[in-house]
Each structure stands twice: as C-alpha cells, then as structure tokens.
Amino acid sequence: MRLVAWESRTEWPVTFMSILFMGVYAAQILIQPAGAWNSLAEWSMNIMWALFGADYITSLVLADDTWHWFIHHLFDLAVVILPMIRPLRVLRVMTALNALHKTSGMALRGRITAYVSAAMVLLIFIGSLAVLDAERHAPGATITTFGRALWWTFVTITTVGYGDLTPVTATGKIIAVALMLAGIALIGVVTATLASWIVDAVSAEEKMNTEITREQVEEVSKHLAHIEKLLSEKESACDRRGA
C-alpha cells in the first residue's frame with residue numbers, strides 16, 4: 001500500500017520529468033549545443049537521472065515484496081546504473097502513456113490502439129535519437145544523420161532489417177536488440193487487437209443473423225397458430241351444421 005501511495009503521488013511529476021528529459025536529450029542530439037548550453041543540458045539530465053534513481057530506490061524500499069518488485073523492474077535498474085545504456089533513460093517518457101491510460105475513458109480496444117500507436121511513435125523517435133547519439137562519431141559508422149537514424153529505427157522496429165545501415169558500437173547494438181524486442185511485442189499486440197476486432201465483428205454478424213432467424217421462426221409460428229385456429233373454427237362450424 002505504501003508503494004501504491006508513493007506511485008500515485010509521483011506518477012505525474014515523474015511523467016513530466018520524463019518528457020522534459022526527452023526534450024533536453026533531443027535538443028542535445030539534434031542541435032548539438034556547445035559551451036555553457038551543452039554543460040547546462042548535461043547537468044539538467046544528470047540531475048533528472050539522479051531523481052529517477054531516487055525514485056527507483058524509494059519504490060524498492062516501499063515495496064511489500066522487495067524481491068518480487070526487484071525482479072520485475074530489472075530494466076529500470078539497468079537504466080539507472082549502466083552508463084553504456086544512458087540513451088535508454090529517455091524511455092521513462094513511456095510513463096506518460098501509463099498515466100493517460102489510467103485516466104482515459106476510452107473502451108479497452110481503443111485504449112490499446114492509442115497506447116500502441118503512441119508507443120510506436122515514441123520508440124521510433126527515441127530509438128533514432130539514441131542510436132544517432134551512439135553512432136554518429138564512431139569510426140566506420142553509417143548512421144550519421146537523424147534521417148538515416150529514423151530510417152534504421154523504423155526498419156529495425158518492424159523487424160524488416162534491410163541491412164543497408166547497421167550499428168557498429170556496443171551501445172548501438174544494444175539499442176538495436178531493444179528495438180527488435182519492442183517491435184515483436186508491438187506487432188503481437190497489433191495482431192491480437194486486429195484478431196479480436198475480427199472475432200467481435202463475426203460474432204456480431206452471427207448474432208444479428210440469429211436474431212433475424214428467430215424473428216422469422218416466431219412469425220411463421222404465429223401464422224401456423226392462426227391457421228390452426230381457423231381450421232379449428234371451421235371444424236367446429238361443420239360439426240354444428242352436421243348436428
């Protein structure tokens with residue numbers, strides 16, 4: 001319960017900080033500020049990273065089952081302690097989707113569609129920034145512009161993999177693996193959602209046809225009952241005349 005209360009209080013502040021982190025990181029990669037502006041960006045990101053770390057430690061301490069929480073948040077731990085995957089810290093912006101998901105009044109399938117669409121856009125943008133940051137100045141690198149990074153990220157996350165652009169650094173390869181796994185998961189969700197929609201559409205059609213058939217049966221039954229009534233009245237009239 002303490003963890004739930006903590007997450008409830010910090011969810012929106014952490015979400016805002018995640019978006020701010022992504023904005024600063026994107027500006028640093030795309031604009032490449034120099035001098036004091038670059039130092040300011042670095043200090044801002046380091047401070048936010050420290051706050052992310054404090055949030056992780058607090059959540060770990062407040063968890064009722066510390067080991068269970070630890071096992072299910074290994075990615076958060078890796079993002080906090082491993083310098084080599086520093087670019088992946090921007091994935092904390094995904095908490096914004098969780099917050100919106102909880103406050104949304106949309107139907108389940110609509111929420112899933114919105115979540116997957118937003119996740120795909122964010123992952124492509126974040127992955128492009130991260131791989132460009134890792135690859136741009138590496139010897140023999142082919143991913144040297146944001147346009148190339150976008151193309152490579154889109155091809156990787158859809159699991160197509162043309163191979164025209166490939167990462168050469170360890171960080172870039174880790175980002176590639178993360179994008180491949182994310183792409184497989186997202187494709188699975190899209191496939192399951194589409195299958196669910198098709199099943200529901202077929203069920204609705206069958207239900208409508210069943211209702212039509214039931215109405216037809218009821219109408220025929222009414223006609224038969226009416227015919228039986230007429231025959232019964234005719235037989236009764238004949239019996240009276242015969243008597």
Taking 0.36 nm per residue of separation and subtracting the Cα-Cα distance, what length does fully extending Glu11 through Asn46 add? 10.6 nm
Everything considered on the Cα gyration tensor (a ≥ b ≥ c; rounded for a/c under 1.5, else prolate if a/b is larger than b/c, else oblate), region 1-64 must be described as prolate
How far is it, in nm, from the label point at Trp69 to the one at Tyr162 when both lie 7 Å from their Cα along the line to the Cβ? 4.6
Enumerate the calculated ³J(HN,Hα) couplings along region 64-72 in order (Karplus 6.51 cos²θ - 1.76 cosθ + 1.60, θ = phi - 60°), each rounded to whole Hz, writing x wherever the residue is Gly or Pro. 5, 10, 4, 5, 4, 5, 4, 4, 8
For Leu20, Leu224, Leu129, order by how many other beta-carbon atoms lie within 10 Å, fewest first: Leu224, Leu20, Leu129
Using 0.36 nm per residue of separation minus the Cα-Cα distance, give me the extension gain between Val190 and Thr58 in nm, one decimal. 44.1 nm
Work out how much length Ala26 to Ala118 would gain on full extension: take 0.36 nm times their residue separation and subtract the Cα-Cα distance, in nm to one decimal. 31.4 nm
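Each reported figure results from applying straightforward, stated rules to the coordinates on display, with no laboratory input. Note that the structure is predicted; figures quoted are calculated from it, not measured. Positions of Cβ are backbone-derived with ideal geometry, glycine not excepted, and every protein chain shown enters the neighbour counts.
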